[in-house]
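The values are calculated or read from the model by the stated rules, or taken from the named source; none is laboratory data. Given the structure is predicted, the values throughout are model-derived calculations rather than measurements. Here the Cβ is made from the backbone with ideal geometry for all residues, glycine too, and neighbour counts use every protein chain on show. Note: areas computed on protein heavy atoms with side chains; ligands, DNA, RNA excluded. Shrake-Rupley method; radii C 1.70, N 1.55, O 1.52, S 1.80 Å.
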Amino acid sequence: MPQSATSSFWDRTIIVAVVAALLGGIGYLIKEFVIERDKSDLVIRAEQLEQILPLSQKPSDYQNNKVYCEVVKFDLVISHNQEGEKPIRIKRLSLETEKINLETEGNDALTYKLDASATLGFGIVQLKEYAFSMDGDSVEGNYMESTQKAVKVNPNNVLESTRGRDAITIEHEGDSAFLQLVIVLETAAPGLYKARTRLYYEIAGTAKEEETPWVYVFML
Amino acid sequence: MGIRFYALILGLACAFPAYGDAPYAGNAKRTDISSHIASVKDGFKTDPELTDIYDLIDNEELTTAQEKATKIIERESTSLSSAKYENYLKAQAYFLRGEIVSQRGDDNAALEDMKHATNLGHPYAPYQVASRLVIQGTRAQDALKQQRYLEQAHAYHLIGAELGDPVCIDHIQVALHAKQQLRDEHYWFLLERMGEDAAQIDKFESFYLQVFNEKDRAFLDDVMKMLSLSKGQKESSLQGVPGRSTLVSAYVDLLMRRQLRFIWKAFFQEDKGDGAFTLQEVFGSYKSAICNNPLADLYLLVNRKYDCDAEAKGLTAEVLIANALPGDQIVIRCGRLSHYANVWAIDKSKNEVYLLDPFDEFWQPSHNRCVTVFDRKPYKYKRHLTRVSYAEVQKMLVAVFAVRDRVP
């Protein structure tokens with residue numbers, strides 16, 4: 001092989017190696033500073049908590065937490081944080097409940113009185129709400145589609161009963177950027193209960209979960 | 001609009017003879033029909049096709065109105081419409097077509113249409129049928145034929161009377177007198193008296209106390225006990241709440257019959273409860289309606305779980321339900337769902353409560369976790385009663401609106 005040909009071969013090899021290294025570096029930089037700067041995530045909030053039954057006497061707080069009596073309703077708002085463009089797949093929404101042993105904790109301050117005169121009577125008009133009744137350790141869920149049709153809701157997978165088992169995708173913009181559900185918590189037996197929702201979701205293959213703060217519901 | 005008005009309107013419906021319904025069919029005129037639709041619109045579902053027919057009648061376009069009515073009568077029921085609503089529409093269409101053909105001079109066709117309307121539960125059609133049969137009877141040459149027409153007319157008057165139509169109550173009372181059916185005659189006699197205005201009722205009460213002797217009054221007590229829906233006079237076991245006299249029992253029967261007439265045309269509208277009335281407002285409205293009768297009053301009995309300004313409060317659910325009588329209204333609640341219904345009959349031994357409740361979706365076990373027993377029992381004239389469990393009603397009971405004697 002002539003000397004000039006050998007030199008040309010090594011020159012090309014070096015150039016290819018340098019270009020490859022440069023491309024690798026650029027790729028690394030893009031990954032580090034562009035892709036990873038997509039901070040897409042879910043925001044989950046319980047909003048507009050409302051004491052449904054009118055009270056003439058309100059209970060005191062429980063360990064600095066507001067206590068609702070017998071029925072509380074709130075909007076569960078799940079939305080894209082819009083700090084990126086990645087779609088987010090909601091895999092499961094569950095309701096976690098716990099009955100608090102008041103006897104052990106010795107809390108006698110919880111008492112209330114329902115106000116019959118302000119009670120509103122309108123039968124079944126609150127449709128499309130996820131209602132959960134808590135009775136000791138058991139929880140029953142119900143979703144009224146219409147006055148004629150209601151379906152049971154599994155508290156461990158709230159959306160399954162109404163939307164099937166497919167994951168729900170939350171996009172970074174448009175109508176699919178949020179999901180809003182009305183949640184009603186009811187006590188079916190006396191006691192102090194706490195409940196919260198937990199969301200299981202996935203962003204670019206990474207599984208994550210998030211929960212709302214506890215809501216306290218009491219029944220004499 | 002819709003269900004949130006139900007409790008208020010039901011009070012008005014039973015306290016006033018023709019609230020929210022057609023004026024007496026016997027005198028139905030086009031202007032009356034128009035005013036009927038205006039009141040129907042206030043809180044009830046009204047089919048646009050029916051409104052069209054009313055408008056056409058108003059504009060004297062009788063041929064088109066008749067065609068439209070016929071179209072409703074002949075069409076297939078749609079899956080989107082409930083059987084009850086379709087039944088209501090067809091009954092109204094028959095009734096209106098009967099009115100139209102009657103105005104055009106075809107009495108036979110009018111009679112047939114009114115019979116169809118009656119069979120579908122229209123509360124004012126029975127009087128229309130009965131009047132036409134009476135006319136045919138008077139025209140009949142043959143005495144046997146005449147008798148047959150009058151017997152038929154009697155049957156239709158009875159339907160109208162059972163649906164609280166005062167004209168029919170008057171007719172049936174006269175007919176029963178002629179037949180010497182004393183008990184039945186006096187049952188309707190008392191209902192007719194209780195349907196009069198306050199001055200007349202006062203006058204009748206004086207007559208009842210001063211002219212009737214003890215034996216007469218005992219007879220009327222017995223009549224109401226045997227024949228009434230409300231089961232006659234009742235003593236009260238509650239302090240501050242009187243019982244029900246025989247005369248007030250007759251008034252309650254009249255109210256129940258008016259409610260029976262009303263529920264046929266009450267339909268559920270699936271709207272939100274925004275602007276719903278409170279229990280206190282509903283009670284106040286119903287009370288002022290009941291107080292049109294100077295002998296009666298409405299009392300509020302409340303479960304001890306609740307605070308409320310009431311004639312009887314602090315009552316256990318057991319005492320509360322034990323004091324509910326036919327013709328009273330109950331307020332029940334399960335979790336977030338509150339509801340009003342009218343008591344038709346109570347049988348504790350069978351664990352049954354029968355309710356007059358046009359919006360009985362509330363009681364469906366699929367919707368209401370407090371309910372396991374619920375069914376609809378067909379009643380007369382295309383109405384139904386809602387059967388639920390005494391024990392379950394007791395657990396849900398918030399309050400009772402009790403119709404009782406007025407304390408002077």
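Report yes if some residue within segment A:73-82 is modelled with pLDDT under 95 and either part of a loop (DSSP other than H, G, I, E, B) or not hydroxyl-bearing (Ser, Thr, Tyr) (or both); otherwise report no. Yes, some residue in segment A:73-82 is modelled with pLDDT under 95 and either part of a loop (DSSP other than H, G, I, E, B) or not hydroxyl-bearing (Ser, Thr, Tyr) (or both). Quick one: is B:LYS203 over 20 Å from B:HIS154 (Cα atoms) and assigned to a helix (DSSP H, G or I)? Considered against the rule, which asks whether it is over 20 Å from B:HIS154 (Cα atoms) and assigned to a helix (DSSP H, G or I), B:LYS203 comes out as yes.
B:GLY327 meets the conditions (1) in a loop (DSSP other than H, G, I, E, B); (2) more than 14 Å from every other protein chain (Cβ to nearest Cβ); (3) surrounded by fewer than 22 Cβ atoms within 10 Å (Cβ to Cβ) in every case but one. The failed one is (3).
Of the residues B:GLN147, B:GLN128, B:GLN141, which is farther than 30 Å from A:SER146 by Cβ, modelled with pLDDT under 90 and not hydroxyl-bearing (Ser, Thr, Tyr)? Lay out the reasoning, then the answer.
Working: B:GLN147 fails: modelled with pLDDT under 90; B:GLN128 fails: modelled with pLDDT under 90.
Matching residue, one of B:GLN147, B:GLN128, B:GLN141: B:GLN141.
When segment B:355-408 is limited to residues that are assigned to a loop (DSSP other than H, G, I, E, B) and of a type in the set (Val, Ile, Thr), the one that is least open to solvent (accessible area, probe 1.4 Å) turns out to be B:VAL371.
Just checking, which of A:LEU95, A:LEU102, A:LEU181, A:LEU114 is open to solvent by less than 40 Å² (accessible area, probe 1.4 Å), hydrophobic (A, V, I, L, M, F, W, C) and closer than 30 Å to B:GLN280 by Cβ?
Numbers: A:LEU95 fails: closer than 30 Å to B:GLN280 by Cβ; A:LEU102 fails: closer than 30 Å to B:GLN280 by Cβ; A:LEU181 fails: closer than 30 Å to B:GLN280 by Cβ.
Result: A:LEU114 is the single residue among A:LEU95, A:LEU102, A:LEU181, A:LEU114 that is open to solvent by less than 40 Å² (accessible area, probe 1.4 Å), hydrophobic (A, V, I, L, M, F, W, C) and closer than 30 Å to B:GLN280 by Cβ.
Taken over segment B:120-134, the criterion of being in contact (Cβ under 8 Å) with a residue 24 or more places away in the chain and either open to solvent by 10 Å² or more (accessible area, probe 1.4 Å) or assigned to a helix (DSSP H, G or I) (or both) is satisfied by B:LEU120, B:ALA125, B:PRO126, B:TYR127, B:GLN128, B:VAL129, B:ALA130, B:SER131, B:ARG132. The set of residues from segment B:312-325 being touching a residue at least 60 places away in the same chain (Cβ under 8 Å) and in contact with an Asp or Glu (Cβ under 9 Å, 6 or more places away or on another chain) is empty.
Just one of the listed residues (B:ALA13, B:ALA25, B:ALA91, B:ALA18) is at pLDDT 90 or above, surrounded by 14 or more Cβ atoms within 10 Å (Cβ to Cβ), under 30 Å from B:MET194 (Cα atoms) and under 18 Å from the mean Cα position of the chain (by Cα), namely B:ALA91.
The set of residues in segment A:184-220 that are outside any strand (DSSP E or B), in contact with a Leu (Cβ under 8 Å, 6 or more places away or on another chain) and either over 23 Å from A:LYS113 (Cβ atoms) or open to solvent by less than 40 Å² (accessible area, probe 1.4 Å) (or both) contains only A:THR212.
B:ILE201 satisfies every condition listed in (1) crowded, with 17+ Cβ neighbours inside 10 Å; (2) at pLDDT below 95; (3) out of contact with any helix residue (DSSP H, G or I) (no Cβ under 6 Å at 6 or more places or on another chain) except (2). Looking only at segment B:330-349, residues that are touching a strand residue (DSSP E or B) at 6+ places or on another chain (Cβ under 7 Å), among the charged types (D, E, K, R) and either surrounded by 23 or more Cβ atoms within 10 Å (Cβ to Cβ) or assigned to a strand (DSSP E or B) (or both) come to 1 in all. Restricting attention to segment B:162-184, which residues are surrounded by 15 or more Cβ atoms within 10 Å (Cβ to Cβ) and polar (S, T, N, Q)? Listed by number, the list holds a single entry, B:GLN173.
Here is a list: B:ASP307, B:ASP253. Which entry is touching a residue at least 60 places away in the same chain (Cβ under 8 Å) and either of a type in the set (D, E, K, R) or crowded, with 23+ Cβ neighbours inside 10 Å (or both)?
Details: B:ASP307 fails: touching a residue at least 60 places away in the same chain (Cβ under 8 Å).
Residue meeting the stated conditions: B:ASP253.
Being open to solvent by 10 Å² or more (accessible area, probe 1.4 Å), more than 30 Å from B:HIS154 (Cβ to Cβ) and among the acidic types (Asp, Glu) is the requirement here; does B:GLU112 meet it? Taking the combined requirement at face value, the residue does not satisfy it.
Within segment B:167-206, the only residue that satisfies the criterion of being among the small types (Gly, Ala, Ser), more than 23 Å from B:LYS225 (Cβ to Cβ) and touching a residue at least 40 places away in the same chain (Cβ under 8 Å) is B:ALA198.
Restrict the check to segment B:277-293 and report whether at least one residue is part of a loop (DSSP other than H, G, I, E, B) and at pLDDT below 90. So far as segment B:277-293 goes, yes, one or more of its residues are part of a loop (DSSP other than H, G, I, E, B) and at pLDDT below 90. Out of (1) open to solvent by 10 Å² or more (accessible area, probe 1.4 Å); (2) at pLDDT 95 or above; (3) in contact with a helix residue (DSSP H, G or I) (Cβ under 7 Å, 6 or more places away or on another chain); (4) away from every other protein chain (no Cβ under 14 Å), the odd one out for B:VAL319 is which? Only one criterion in (1) open to solvent by 10 Å² or more (accessible area, probe 1.4 Å); (2) at pLDDT 95 or above; (3) in contact with a helix residue (DSSP H, G or I) (Cβ under 7 Å, 6 or more places away or on another chain); (4) away from every other protein chain (no Cβ under 14 Å) is unmet by B:VAL319, namely (3). Taking first residues from segment B:337-350 that are within 14 Å of chain A (Cβ to nearest Cβ) and partners that are open to solvent by 50 Å² or more (accessible area, probe 1.4 Å), the Cβ contacts under 7 Å between residues at least 6 apart in sequence or on separate chains come to B:SER338/A:LEU120. When segment A:57-82 is filtered for residues that are open to solvent by 60 Å² or more (accessible area, probe 1.4 Å) and either of a type outside the set (Asp, Glu) or more than 30 Å from A:GLU103 (Cα to Cα) (or both), the ones remaining, listed by number, are A:GLN57, A:LYS58, A:GLN63, A:ASN64, A:LYS66, A:GLN82.
Just name the residue that is farthest from B:ALA276 (Cα to Cα) out of those in segment A:119-130 that are at the interface with chain B (Cβ under 7 Å from one of its Cβ atoms) and of a type outside the set (Phe, Trp, Tyr).
In this case the residue turns out to be A:LEU127.
Restricting attention to segment A:139-155, and to residues there that are in a strand (DSSP E or B) and open to solvent by 60 Å² or more (accessible area, probe 1.4 Å), which single residue is farthest from the other protein chains (Cβ to nearest Cβ)?
Initial filter on segment A:139-155 (in a strand (DSSP E or B)): A:139-144, A:150-154.
So of that shortlist, the ones also open to solvent by 60 Å² or more (accessible area, probe 1.4 Å) come out as A:140, A:152, A:154.
Working: A:GLU140: 6, A:LYS152: 9, A:ASN154: 15 Å.
Looking at the filtered set, the residue picked out is A:ASN154.
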